[in-house]
Every structure is written in C-alpha cells, then in structure tokens.
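Presented below is the structure to which this report refers.
The values are calculated or read from the model by the stated rules, or taken from the named source; none is laboratory data. Because the structure is a prediction, the values reported are computed rather than measured. Every residue, glycine among them, receives a Cβ derived from its backbone with ideal geometry; neighbour counts consider all protein chains shown. These accessible areas exclude ligands, DNA and RNA; they are computed on the full protein's heavy atoms, side chains included. Shrake-Rupley method; radii C 1.70, N 1.55, O 1.52, S 1.80 Å.
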Amino acid sequence: MDSTLPPCPHCSCEYTYELGALLVCPECAHEWSPGDGASDDGPAGSGVDAEVRDAVGNVLADGDTVTVVKTLKVKGNATGIKAGTKVRNIRLVEPVNGHDIDCKVDGFGPMQLKSSVVKKA
Ligand SMILES: [Zn+2]
C-alpha cells in the first residue's frame, strides 16, 4: 500500500496504519478515525443559496424593501419602471434568466427583477 495516511496526531509518527475504519499509531498505540478534525468534507450547506446582493453589494433578504436604480423596460408598458421606484417586501427566488427577485411593483403587479438593478432601501 502506497497510502498517504496522516501522521499520528499524538506523536507525529508517520508509520500509522489502517485498522478497519480507524488509523492506528504503532508508536503510542493511539487509535483515531481519519475523519476526525479533518474538515475536507466541505462546509455544511455549501452549494445552497449563494447570497443575493444588490447593485452596491448589500446582502438582500426576503421581505426587504428596495429601490430600483435604473429605469426598467416593461413589456406592454410605455414608461416602464422608473429609477427610484420603491419595491416592498421582495422575495428571493432561484434565478430565472438572472432574475432573482420576486416582487410586486405598485402599478405593475407581480414582477421578477434582477438584484443588480435594485438597491436596499
Ligand atoms: Zn502516536
């Protein structure tokens, strides 16, 4: 076996060997489980919800009130959503085409917005 077993955490002996699921040190007879202390499992929850940030880097959360920072075109609407429009009670969602905020805009109804075009109010 050309294994690369970790040295003994007690005496740093390098001649450790495997005994079932445990590692054993021939010098001090210390036995331990290789998973212990080694945190290469990755942080818990990695891959879950990345933080959603607004145009200036504030972290957004469900229920936040945001202000639209630039005028947004809305299909079928001549004026669109003007910069400065306040949007209350946003909900963060799985991004769809980059739109990661679900909300209701006064006068427009339910909408999806990109977090990059809003600023936390
Ligand atoms: Zn040892």
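Observations on the structure shown:
- Boolean, Val56 is at pLDDT below 95 and in contact with a strand residue (DSSP E or B) (Cβ under 8 Å, 6 or more places away or on another chain): no
- Test: residue in the stretch 16-32 that is away from the ligand (no atom under 13 Å from the Cβ), open to solvent by less than 70 Å² (accessible area, probe 1.4 Å), assigned to a loop (DSSP other than H, G, I, E, B) and modelled with pLDDT of 90 or more: no
- Any hit, the stretch 91-101, residues being under 21 Å from the mean Cα position of the chain (by Cα) and of a type in the set (Lys, Arg): yes
- Residue selection: Gly76 fails the criterion of being open to solvent by 30 Å² or more (accessible area, probe 1.4 Å) and touching a residue at least 12 places away in the same chain (Cβ under 8 Å).
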